[in-house]
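Let me begin by presenting the structure, written as structure tokens, before commenting on it.
Read-outs throughout are calculated quantities, based only on the coordinates presented, and are distinct from any laboratory measurement. Every value quoted in this text rests on a predicted model; they were computed, and no experiment measured them. Here the Cβ positions follow ideal geometry from the backbone for every residue, glycine too, while neighbour counts run over all protein chains shown.
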Protein chains: 2
Amino acid sequence: MRQLPQPSTADLDLVRVLSAFADPVRLELVRALAGVREPLGCGVEGFDVEISAATLSHHWKVLRDSGVTTTFASGRNRLVELRRDDLAERFPGLLDAVVADSAR
Amino acid sequence: MRQLPQPSTADLDLVRVLSAFADPVRLELVRALAGVREPLGCGVEGFDVEISAATLSHHWKVLRDSGVTTTFASGRNRLVELRRDDLAERFPGLLDAVVADSAR
């Protein structure tokens, strides 16, 4: 599979990453990804969100462009995973704090 | 001094708090507040930001409305402080992660 373009670890920007997290749907996607160790398919059927495929696709792009996720593509298939190590390197503790929200 | 209206600790919302952090000016304000233990004055002269008083006032309101800060008022004077304990209770580690950004 090929990896879609994404910012380098050094180019990760805190404001941009926070903006990517600051949306209910994207937060749900990030939490779903945080709960598994392997990449997940991008389809609407895989997530507990009530949005169109186009809107979901937009959210995946925001997550990828901000550096929160990596997207792999093979034909029409897309797999997404969190950039845990890159985020931990640049913003220690941030992903854990966002995902852990005890008040969900 | 009287305290301006703000959400209760139980009403703090992660998406709203993340949105409040997700701005370069507000991030700078939060970091300035994190660096001191007492409330700070709200004036533009006190912070390393190049914006108008009106814009700064807007940013303080976003921070207060989201529950990131408490504002105290006495006549025309305004003092602001971080709601460290409330944020730590609801979103453990989040404020530290946002303030600590080693890549500033």
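Here are some notes:
- Between the C-alpha center of region A:15-31 and that of region B:6-39 there is a gap of 17 Å.
- Rg and Dmax of region A:1-80, Cα atoms only, in Å: 12.0, 34
- Rg and Dmax, both from the Cα atoms of the protein assembly as shown and both in Å, are 18.5, 64.
- Label-point spacing at A:Glu38 relative to the other copies reads 5.9 nm, in ascending order, each point sitting 7 Å out from Cα along Cα→Cβ.
- Farthest positive-ward along region A:2-102 dipole, Cα basis, beta-carbon charges - from A:Thr71, A:Thr55, A:Ala32: A:Thr71
- Normalising the average separation of contacting C-alpha pairs (under 8 angstrom, six or more residues apart) by the number of residues puts the relative contact order of chain B at 37 percent.
- Once the C-beta distance of A:Glu45 and A:Asp65 is scaled by a Förster radius of 35 Å, the resulting FRET efficiency is 0.90 to the nearest 0.05.
- Legend: calculated FRET efficiency, A:Arg37 to B:Ala88, from the Cβ-Cβ distance at R0 = 30 Å, rounded to 0.05, equals 0.55.
- Label geometry 7 Å along the beta-carbon vector: A:Glu50 inter-copy distances in nm: 4.7
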